[in-house]
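Q: Sharing a structure below in structure tokens format, with a few things to ask.
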Amino acid sequence: MSARALLLTTATLLLLVAAARAGQPLAGGWSPIRNVSDPHIQELGGWAVTEHVRRANDGLRFGEVTGGEEQVVSGMNYKLVLDATDADGKVAAYGAFVYEQSWTNTRELVSFAPAS
Ligand SMILES: *[C@@H]1O[C@H](CO)[C@@H](O)[C@H](O)[C@H]1NC(C)=O
């Protein structure tokens, strides 16, 4: 390979890496969260409830994440199933969709609703 061809190949690879970093989807499928006891998963569930309450001001209190799925994107998507207690003291299951990009400290609550 000539030096010029090598340079072009290297430049192409760098562009591909840059595109991937810039948030073009590198998406995989959804897979079950293997260990919901993972402190990060529980913390994420608590954050989702806090964020929901900040918007809805309904006094919901986080219990624990009981299940969910995760998907590698440019970051991670989480569909969490969690128990929470409402203002009347009633415990129910909720579904929270959270997007997280840890290296940019980004967290987004995409949706939050009672689990059907
Ligand atoms: C799940 O995570 C918790 C907390 O990190 C750990 O104590 C436990 O051993 C893990 N369980 C399995 C089956 O990996």
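Only the coordinates and a few stated rules stand behind these numbers; no lab work does. Owing to the predicted nature of the structure, the values given are computational and were not obtained by experimental measurement. Counting neighbours? That spans all protein chains shown, and the Cβs are built from the backbone with ideal geometry, glycine included.
Q: Quick one: which strands (runs of 3 or more DSSP E) sit completely within the stretch 39-116 and have at least 2 residues that are without any contact (Cβ under 8 Å) to a residue 24 or more places away in the chain and under 26 Å from G28 (Cβ atoms)?
A: The qualifying strands (runs of 3 or more DSSP E) are 91-101, 106-114.
Q: Okay, next question. Among the residues of the stretch 47-77, count how many are within 15 Å of the ligand (Cβ to nearest atom) and closer than 20 Å to K90 by Cα. I'd like the intermediate steps shown before the answer.
A: First, the residues of the stretch 47-77 that are within 15 Å of the ligand (Cβ to nearest atom): 64-68, 70.
Still in the running and closer than 20 Å to K90 by Cα: 64-67.
Qualifying residue count for the region: 4.
Q: Next up: Looking only at the stretch 59-75, decide whether some residue is over 16 Å from the mean Cα position of the chain (by Cα), among the basic types (K, R) and exposed (fewer than 13 other Cβ atoms within 10 Å of the Cβ).
A: no
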